[in-house]
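Reviewing the structure listed below.
The values are calculated or read from the model by the stated rules, or taken from the named source; none is laboratory data. Keep in mind it's a predicted model, so treat the numbers as computed, not measured. With ideal geometry, Cβ positions are generated from the backbone for all residues, glycine too; neighbour counts draw on all protein chains shown. Remember, those area values only see protein heavy atoms, side chains included, never the ligands or the DNA or RNA. Shrake-Rupley method; radii C 1.70, N 1.55, O 1.52, S 1.80 Å.
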Protein chains: 2
Amino acid sequence: MEQSPARSSAVTVADVAREAGVSKATAARVLGGYGTVSAKVREAVKAAAAALDYRPNELARSMTTGRSGTIGVVVGDIENPFFSLAVRGITDVARLAGFNVILSNSGEDVAAEKAAIRTLVAKRVDGIIVSPAKEGDVEHLKDIERSGRPLALLDRSAPSLNVDTVIADDMQAAEGITGLLIGRGHRRIAYITACDTADHVFHSLDDIYTDSVRRRIEGHLGACREASLTDMEEWVRVGANSPEATRRIVMNMLQSAQRPSAIIASDSVIGLEVFKVARELGLTLPDDLSLVSFHDADWTSVTSPPVTVVQQPVYQLGEAAARLLVERLNGEVGEGRRIVLQTRLIERASVGAAPSSGS
Amino acid sequence: MEQSPARSSAVTVADVAREAGVSKATAARVLGGYGTVSAKVREAVKAAAAALDYRPNELARSMTTGRSGTIGVVVGDIENPFFSLAVRGITDVARLAGFNVILSNSGEDVAAEKAAIRTLVAKRVDGIIVSPAKEGDVEHLKDIERSGRPLALLDRSAPSLNVDTVIADDMQAAEGITGLLIGRGHRRIAYITACDTADHVFHSLDDIYTDSVRRRIEGHLGACREASLTDMEEWVRVGANSPEATRRIVMNMLQSAQRPSAIIASDSVIGLEVFKVARELGLTLPDDLSLVSFHDADWTSVTSPPVTVVQQPVYQLGEAAARLLVERLNGEVGEGRRIVLQTRLIERASVGAAPSSGS
């Protein structure tokens, strides 16, 4: 892993280009994070750069650009493996382009997000990537733009911000898994998500202030309506913001007279808690309860049964957000761009037919 | 979760003291991170502060102290749940004391660690917490001290740095689990760890440049010697720095003619990979293979069988490191302090007696 500094600093863009079998101009585009190249060529150049331990000459870069060479990132919850993997995608792209990354955690709390943004701007980072906790509370993000720094949004868009945004096709993903469950005969389908409302009850989509969360619920309820299932809003549970909170919600739900036959978990931290509580209550997956979780977290394949998941392009979300930001730092101008990456359903063994009492 | 800014900023130390039922001086000691109070009182004050959403007045503080109110943290691998949980411990203490945290990831690479430290010092953070990738390569950490900023070490000590250090009792923990395995009749006990050597082979403790890793191997080998098991060095495998690298090591080991009857995984990322490979090869835990992992990661209790683990005081390691650093920022002087926190063995079902062919 470790290379001597002498060797590292001697590796040039030309060396990387030779190793990757591409032109120097192409290698420079990939390493600098600007212009368009195919995914295949980008991977080849990145692999070559990693093999040679290429490091851009930071001093030369900061002398020509006057920049500090630092990107700030504010994520919703660094303990959620979704965000730590996205941060790796960001860091890999940033490092190749010669930027260090400093990271802050909002804990999905807008006040903490504001403090983090203030800190990063005060520390004069060159640009910022954020997954906004509340899409309607983004004045502090407009301040970033006003300070002349580029901003990119990760995983969550904000309608009032015309900035580069990278999201996944959450609505389609949710439609797909709800359709799958309905197809297996499920009617009592619960949807459990982080994000809370004033009275901790879900009434309508307007209650939901986090874009990606809302798009998922929207897809889920759309698929229900499509199948003529009514009042499915009552099966949506908000406020699963911590394992403890999730535990209370799931415990409550699974011990009620009318319990769900299937649960959709909006992230893998929630999915794990559903799995634990079901087991504790002696419910067998998938016979007594079906489970689908967003995010193909590392543990989902080792449980018995392994869990059916929506595989999100998490690393790629981070990569793309960093690439768009680096392009801005390299002079790209114009309207905010919007990239939507595709998810994929991985069917394992946690989904079964609804129990005969189940419709 | 969310409080109006007006309410938050109106909450004073006196309010917190009243809510917690302690004196204002005591509340101030806890919130400011200085002086000594009992763990019980500290928890009461923290709970009260959280309930009232107490936030220190940052502007007033920075005017009186001239500080920026930011702590920098450099961890080995933010994707490892060990570090993301430790960071929560750091952040909780820092926030109560009025500091924001900015985080960098070294990926266990000293060059990246140096770049991160350079960035944090250039950004004028008030103090830094680091889990050093290489205890022998810490000149850049001495630079922090020279710049007049306090430094605290998280999870790993460095002999040449006389600074506040918080570690777990790794050696005793490793002795304990190896003793447990020997007691169940195991003789072919493999130990798999991150940290690599020049030739990717473990020869002696001198090869191991990360303090916590070395203390564990030392405890493990000590327990082996105690039981008159010889040449156990041959069963130590280094270089498990990524799931892919771990996979190769475990695959190789479990497919060899002389395979181990028990494996100790030095962290939960390694433990998960051992679990996956064993299953893929059709080996049953614990009949064909026993497994013990460091870190009580969230997934370890939901596998079949659930995994016996060393529960490390991870959140508390972060808390303690932040508390020591905040005390320095509040004027504490003198020699570096060293805190050693206790681990605990959680016996689940992944350890069995050695197979009869096993000795």
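What the table below lists for this structure:
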item: Calculated label separations, A:Ser160, copies of the chain, 7 Å along the beta-carbon direction, nm; result: 5.4
item: Average other protein chain Cβ within 10 Å of Cβ, residues B:297-306; result: 5
item: Candidates A:Ala86, A:Ala278, A:Ala320: whichever shows maximal mean-square fluctuation once chain A is modelled as a Gaussian network with Cα springs under 10 Å; result: A:Ala278
item: Fluctuation leader among A:Pro81, A:Pro286, A:Pro159 - chain A, Gaussian network, Cα springs under 10 angstrom; result: A:Pro159
item: Environment charge at A:Gly334 (Cβ cut-off 12 Å; Lys +1, Arg +1, Asp -1, Glu -1); result: -2
item: Label geometry 7 Å along the beta-carbon vector: A:Lys40 inter-copy distances in nm; result: 7.0
item: Using a 7 Å Cα-to-Cβ projection, B:Val333 label spacings across copies, nm, ascending; result: 5.6
item: Principal-axis tilt of helix B:268-280 within chain B, Cα atoms, nearest 10 degrees; result: 30
item: Averaged over A:123-131, number of beta-carbon atoms from partner chains that fall within 10 Å; result: 2
item: Cβ-placed point charges (K, R +1; D, E -1), dipole of chain A about Cα centre in debye, nearest 20; result: 1060
item: The range A:145-270, dipole about Cα centre (Lys/Arg Cβ +1, Asp/Glu Cβ -1), debye to the nearest 20; result: 400
item: Charge tally in the Cβ shell below 14 Å around B:Glu347, where Lys, Arg are +1 and Asp, Glu are -1, B:Glu347 excluded; result: +2
item: A versus B: buried accessible surface, summed, Å² (probe 1.4 Å, to nearest 100); result: 3500
item: Helix-only CD estimate at 222 nm, as mean residue ellipticity for chain B, using -39500 (n - 2.57) per DSSP H run (n ≥ 4); result: -13000 deg cm²/dmol
item: Shielding by partners, peptide B:261-274 (average Cβ within 10 angstrom, other chains); result: 1
item: Shape of the range B:247-359, Cα gyration tensor, a/c cut at 1.5; result: prolate
item: Estimated vicinal HN-Hα couplings, Hz - the range A:285-290 in sequence order (Karplus 6.51, -1.76, 1.60; Gly, Pro = x); result: 8, x, 4, 8, 8, 9
item: With Cα atoms, 0 to 90° folded angle of helix A:314-329 axis to chain A main axis; result: 40
item: Estimated FRET transfer efficiency (A:Ser204, A:Gln311; beta-carbon r; R0 30 Å; 0.05); result: 0.55
item: Probe 1.4 Å, accessible area per residue of the protein assembly as shown, Å²; result: 40
item: Residue-level accessible surface for B:Met251, protein heavy atoms, 1.4 Å, Å²; result: 40
item: A:Glu273 - accessible surface, heavy atoms, 1.4 Å probe, Å² rounded to 10; result: 20
item: 3J(HN,Hα) from dihedral phi, the range A:20-30, Karplus parametrisation 6.51/-1.76/1.60, rounded to Hz, x for glycine, proline; result: 7, x, 10, 6, 4, 4, 5, 4, 5, 4, 5
item: Accessible surface of the protein assembly as shown, 1.4 Å probe, proportion on carbon and sulfur as whole %; result: 50
item: Rule-of-thumb Rg ratio for the range B:172-291 [Cα; 2.2 N^0.38 Å; N residues]; result: 0.97
item: Gyration tensor (alpha-carbon) shape descriptor, the protein assembly as shown, a/c threshold 1.5; result: rounded
item: Cβ-based net charge around B:Ala297, under 11 Å, with every Lys or Arg adding one and every Asp or Glu removing one; result: -4
item: Rounded tilt (10° steps) of A:81-96 against the dominant C-alpha axis of chain A; result: 10
item: 1.4 Å probe, heavy atoms, protein only - residues of the range B:82-112 losing at least 40 Å² accessible area vs chain alone; result: B:Ser84, B:Arg95, B:Asn100, B:Ile102, B:Leu103, B:Asp109
